[in-house]
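Please read the structure below before turning to the comments.
The values are calculated or read from the model by the stated rules, or taken from the named source; none is laboratory data. Keep in mind that this is a model prediction, so the values were computed, not measured. Quick reminder, even Gly has a Cβ in these numbers, built from the backbone with ideal geometry, and neighbours come from all protein chains shown.
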Amino acid sequence: MFETFSKRAQKVITVARHQAGERGADSMDVNDLVIALIIEDQDPDVKILFVGLPGVILPERAGKEREPFFPPEVAADVLAKLKGILPRSKSVPRNAEMPISPELERALLAAKDLSNECHRNEVHPLHLLAASFREPCEATRLMCEAGITKEQALGSEP
């Protein structure tokens with residue numbers, strides 16, 4: 001399913017899996033996707049995944065810095081609220097399989113459709129963000145309250 005996803009979009013999916021596992025979810029859902037999108041947007045190296053892993057040395061970032069989509073205060077507020085709202089249970093090991101919820105599957109397919117509509121060869125993180133609005137959840141509600149819209153995401157698409 002992810003062969004048409006850009007490297008950044010694939011990284012977002014990896015972070016979503018990590019976040020779902022950390023909170024002990026039965027499956028990855030759209031809330032996990034949005035959390036991952038915010039984390040990757042604010043920290044492109046996604047250092048959060050490597051905290052506490054022995055022997056991991058992150059390379060220096062090469063290339064041009066990009067402007068984050070989310071204003072830092074909005075990102076912090078939405079993340080804090082989501083982490084307070086979403087249910088928590090015993091963490092799921094990183095190597096355990098994690099299914100995708102039907103809502104997330106629909107959002108991922110919608111992101112592919114948006115990518116095609118934008119005449120792109122790959123799905124990018126902002127396609128994922130725009131598609132997440134098609135599946136109402138706590139994350140999309142909080143983004144709407146913060147003034148983040150599907151149209152803004154598509155308007156910022158590279």
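Here are the numbers for the structure shown:
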item	result
Conditions (1) outside any helix (DSSP H, G or I); (2) modelled with pLDDT of 90 or more; number of the one not met by ARG94	(2)
ALA111 over 17 Å from GLU3 (Cα atoms), crowded, with 18+ Cβ neighbours inside 10 Å, in contact with a His (Cβ under 9 Å, 6 or more places away or on another chain) and not acidic (Asp, Glu)	no
Hits in segment 1-42 (condition: among the hydroxyl-bearing types (Ser, Thr, Tyr) and in a helix (DSSP H, G or I))	THR14
Pair list, Cβ under 8 Å, 6 or more apart: segment 1-21 residue in contact (Cβ under 8 Å) with a residue 60 or more places away in the chain, other residue of a type in the set (S, T, N, Q) and buried (at least 21 other Cβ atoms within 10 Å of the Cβ)	THR4/SER115
Failed condition for ALA139, given (1) at pLDDT 90 or above; (2) over 16 Å from MET1 (Cα atoms); (3) out of contact with any helix residue (DSSP H, G or I) (no Cβ under 9 Å at 6 or more places or on another chain)	(3)
Residue list for segment 117-151, restricted to those being free of Cβ contacts under 8 Å to residues at least 60 places away in the same chain, surrounded by fewer than 23 Cβ atoms within 10 Å (Cβ to Cβ) and either at negative phi or not in a loop (DSSP other than H, G, I, E, B) (or both)	GLU117, CYS118, ARG120, PHE133, ARG134, PRO136, ARG141, CYS144, GLU145, THR149, LYS150, GLU151
Residues of segment 81-108 classified as of a type in the set (Lys, Arg), closer than 20 Å to ARG141 by Cβ and loosely packed, with under 15 Cβ neighbours inside 10 Å, total	2
Flag if ARG66 is among the basic types (Lys, Arg), more than 25 Å from HIS119 (Cβ to Cβ) and either modelled with pLDDT under 90 or not in a loop (DSSP other than H, G, I, E, B) (or both)	no
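Listed here are the residues, each with its yes/no results for (1) of a type outside the set (S, T, N, Q); (2) more than 11 Å from the chain's Cα centre (by Cα).
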residue: GLU3; (1), (2): yes, yes
residue: SER6; (1), (2): no, yes
residue: ALA9; (1), (2): yes, no
residue: ALA16; (1), (2): yes, no
residue: GLY21; (1), (2): yes, yes
residue: ASP26; (1), (2): yes, yes
residue: VAL30; (1), (2): yes, no
residue: LEU37; (1), (2): yes, no
residue: ASP43; (1), (2): yes, yes
